[in-house]
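> There's a structure below that I have some questions on.
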Amino acid sequence: MSYSHIRYIAYHLPTIGYSNTGGVQYSLPAGLLLNSQEQQTIFEKVPDMKVAADIVNRENVLSGKPPIYMVNLSGSSQAVRLVKSDADIFSRVQRFLTVLELAASTVKYRKDLKKDGVLNLFAAPEFYFRPPEEPHSYTEQMYRAIAEVLMETIAQAKGLEHWLIIPGTIMWTKQQLDIDYLEGTSKRILIDQNTTYVINGSTALGGGQQINKYLPSSIDGLPSQRLAEGKKIKGVEFDGDWLYRAEYLKRQDIWASFSDHIVSFGGIRIGIEICRDHGILKAHPKTTGDISAQVIISCGRRLLTSHIATVMGGVVMRCDGHHGSGIRWDQRFVTRYTDIPNGSDRWDDKAKAELTPTDQDLMSNPNPFIQIDLPFNANHPLYWQPSKTVDKSDWNKYKQGLTFYFPQEV
């Protein structure tokens, strides 16, 4: 099916905070699983609890049985078992799928929402999947289990056929033997990775398209610490090299494929960037074709007008997990490109996009492009609670919830 419009739905919540003693606080446990009473509260406006995607286990919710395994998970038995074996991971999965179900049910049952020809894009912020304990990174086995369960569960949800879902990012570490054939030596290395997926509720994308963050930043909390001389990560014994993905690819004389960051679906081409990559990947559509939309999944990365590259009138979307107040999730439109040097085009590094609405508009006026806001206040079952060591006054500046934007023609 070809789509004429794209509807952006942001699931916004803070994925880092500042500690009471200063510095970034990465230890943010997801909290307890939602119980049946909480899920009934979440879906109280859905007619007869007929949830749209059928991910939430309606029978368990309505019968009031013990609140165990309140979502229908798909995947291999080993992957599902691994996800359920870790309370924090299972809570993150359950909460994400519950919010996705709420979004799908809202779109289905609200009569004032345009549905025909609309591709729904649902996004969570960077670092949604990151363990609260050191080293704040999952093993490769656990990462693959999380990715498989998310992809299989969503791909089998028929109610999500006209959806693209981005579940934030997953932090994980890959173990590998690094062989130097010239020197005849080998050593064990650990490679930090920050990965997301774009998943469709069918098999159209083969389950999901993987997108890796190329360049890390200090907010990742991993590479800069592990690469610093003399620094050791508590609880991790390792005598080889800590690397991040970009450094590993550089050593292997490999550059990340630009096409990996383009998703083509239903006649819409979308560029996907993870945080700091929004600033180094501007040229990728030049080698892979035009894009009509651009999505930035981030934590503290604002939109950079010199690194927007959609077609004229394209839609730009961002979902940011950085703590505090300010513009953390937004949808903009490209009205024109300026500062284009003579004989050049919008791909030039000096070219800048003019966006509507502006930062000032968003800070001082209600956003005219928002259709529905579903806030999650401190008493809401889906509210992401801060840990005891997080500065709560700072944490509370981030308004959690679900925001639906008016569909944009593409």
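> Mind listing the long-range amide H neighbours of ILE308? Cut-off is under 5 Å, sequence gap 5 or more, other chains count too, H placed in the peptide plane at 1.01 Å from N.
HN-HN under 5 Å from ILE308: ALA353.
> Going by the alpha-carbon gyration tensor, a ≥ b ≥ c the square roots of its eigenvalues, is the range 239-361 rounded (a/c under 1.5) or, if a/c is not under 1.5, prolate (a/b greater than b/c) versus oblate?
Oblate.
> Residue by residue through the range 44-49, what is 3J(HN,Hα) from phi via Karplus (6.51 cos²θ - 1.76 cosθ + 1.60, θ = phi - 60°)? Round to whole Hz and write x for glycine and proline.
Karplus values, whole Hz, x for Gly and Pro: 5, 8, 8, x, 6, 6.
> What number, in nm² with one decimal, is the all-direction average of the projected area of the convex hull of the alpha-carbon atoms of the range 327-404?
With the hull built on Cα positions only, its mean projection is 7.8 nm².
> Separate question: Would you work out what percent of the accessible area of the chain, with all protein chains in place, is carbon or sulfur (probe 1.4 Å)?
48 percent
> Given contacts defined as C-alpha pairs under 8 Å and at least six residues apart, what's the relative contact order of the range 301-389, whole-number percent?
23 percent
> Which lysines have a Cα lying under 23 Å from the Cα of LYS45, excluding residues fewer than 8 positions away in the same chain?
Correct list for LYS45: LYS65, LYS108, LYS111, LYS114, LYS115, LYS158, LYS399.
> Which distance in Å, rounded to a whole number, links the C-alpha centroids of the range 343-410 and the range 69-114?
23 Å
> Of the trypsin sites (Lys or Arg not before Pro) in the range 319-409, which ones lie in a loop per DSSP and count no more than 11 other C-beta atoms within 10 Å?
Within the range 319-409, the qualifying trypsin sites (Lys or Arg not before Pro) (loop, at most 11 other Cβ atoms within 10 Å) are LYS350, LYS388.
> Not counting the cut sites, what is the longest span of the chain without GluC sites (Glu not before Pro) that DSSP labels loop and that have at most 10 other Cβ atoms within 10 Å? Please list the in-between numbers first.
Numbers: sites that count: GLU44, GLU183, GLU229, GLU237.
It runs 238-410.
> With every protein chain kept in the model, how would you rank MET1, MET171 by accessible area, 1.4 Å probe, largest at the top?
MET1, MET171
> Give me the three principal axis extents of the chain from the C-alpha atoms, as integers in angstrom, largest value leading.
Dimensions of the chain along the principal axes of its Cα atoms: 68, 58, 44 Å.
> May I ask you to evaluate 6.51 cos²θ - 1.76 cosθ + 1.60, the Karplus curve with θ = phi - 60°, for each residue of the range 118-126 and list the ³J(HN,Hα) values in order in whole Hz, giving x for glycine and proline?
9, 9, 8, 10, 10, 9, 10, x, 4
> Name the lysines eligible as straight-distance cross-link partners of LYS282: C-alpha to C-alpha under 22 Å, and not fewer than 8 places from it in the same chain.
LYS213, LYS250, LYS350, LYS352
> While we're on this one: Suppose R0 equals 30 Å; then what is the FRET efficiency for LYS350 and LYS397 from their Cβ-Cβ distance, rounded to the nearest 0.05?
For LYS350 and LYS397, the calculated efficiency is 0.30.
> Using Cα-Cα distances under 8 Å and only pairs 6 or more residues apart, what relative contact order does the range 81-226 have, in percent?
22 percent
> At 222 nm, what value in deg cm²/dmol follows for the chain if DSSP H runs of at least 4 each add -39500 (n - 2.57) and the sum is divided by all its residues, to the nearest 500? Display every interim value, and only then the final one.
On the way: 10 runs with 88 residues, N = 410.
Computed mean residue ellipticity for the chain: -6000 deg cm²/dmol.
> While we're here: Keeping all protein chains in place and using 1.4 angstrom, which order do SER85, SER27, SER387 fall into by accessible surface area, from largest down?
Sorted by accessible area, descending: SER85, SER27, SER387.
> Check VAL295: other-chain or 5+ apart residues with amide H under 5 Å from its amide H, H built from backbone geometry?
Result for VAL295 returns GLY271, ILE272, GLU273, MET317.
> In percent, what relative contact order does the chain have, based on Cα pairs under 8 Å that are 6 or more apart in sequence?
Taking the mean separation of contacting Cα pairs over the length of the chain, I get 20 percent.
> Another one. Write down the percent of antiparallel bridges among all DSSP beta bridges whose residues are both part of the chain, to the nearest 5.
The antiparallel proportion sits near 60 percent.
> What accessible area per residue, rounded to a whole number of Å², is obtained for the chain using a probe radius of 1.4 Å? Spell out each step's value before the answer.
Values: 18090 Å² over 410 residues.
About 44 Å² of surface per residue is accessible.
> For LEU215, what residues show an amide H to amide H distance below 5 Å, using hydrogens built from the backbone and excluding near sequence neighbours?
ASP277
> Once you have all Cα-Cα distances for the range 128-169, histogram them in 5 Å bins from zero and send the whole-percent values.
Taking all Cα pairs of the range 128-169, the binned fractions are 5, 19, 25, 21, 14, 8, 5, 2 percent.
The values are calculated or read from the model by the stated rules, or taken from the named source; none is laboratory data. Because the structure is predicted, anything quoted here is derived from the model rather than measured. FYI the Cβ positions are ideal-geometry reconstructions off the backbone, even for glycines, and counts take in every protein chain you see. Side chains included, ligands, DNA and RNA excluded: accessible areas come from the protein's heavy atoms. Shrake-Rupley method; radii C 1.70, N 1.55, O 1.52, S 1.80 Å.
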